[in-house]
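Visitor: To start, I am sharing the structure in question, which I have written as C-alpha cells.
The values are calculated or read from the model by the stated rules, or taken from the named source; none is laboratory data. Please read these numbers as outputs of a predicted model, since none were measured by experiment. Reconstructed Cβ throughout: ideal geometry from the backbone, glycine too, with neighbour counts over all protein chains shown.
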Amino acid sequence: MKRDKNLIREILEYVRDNHQYPEMIKIDKTEFLQSSKFSTQDFELFAHHFLLTVNKGLLSGNVNRDAANDKNTVSTTGLTWEGYDYLEVS
C-alpha cells in the first residue's frame, strides 16, 4: 500500500480542527462510511494511514480491532507537538 500524504494531512487537519481537550475523538467504521470528511471511502486505507500518523508520533491514539482482527475504530486524544509542526511545514 502506498503512503498518501494528502490523506495524512486530512487526518491531522481533521483532528486539529475538531479535537476539544480533554475529549477523545473516535471514528468507527460505520460513521466513517457515512461521512464525507475524507477523500477516501476505504476504511482500511484510512485506518492504515491513521496508524502511520500514530507510529510516526504525529498523533496520540490507536486503531482498535474487533474479534475478527478487523480494524473497526480509530481514536485519538489529539495532535502531538510533532503533529502541529508537520502541519506547519507541509
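Visitor: Out of all the residues in region 24-58, which are surrounded by fewer than 17 Cβ atoms within 10 Å (Cβ to Cβ), in contact (Cβ under 8 Å) with a residue 12 or more places away in the chain and of a type in the set (D, E, K, R)?
Guide: Across region 24-58, the qualifying residues are Lys26, Asp28, Lys37, Glu44, Lys56.
Visitor: Which fully enclosed helices (runs of 4 or more DSSP H) of region 29-90 have 1 or more residues being at pLDDT 95 or above? Explain how you work it out, then say what you get.
Guide: Numbers: elements: 29-34, 43-55, 81-89.
So the answer is 43-55, 81-89.
Visitor: Would you mention how many residues in region 1-28 are touching a Leu at 6+ places or on another chain (Cβ under 8 Å) and in a loop (DSSP other than H, G, I, E, B)?
Guide: The number of residues fulfilling the criteria is 4.
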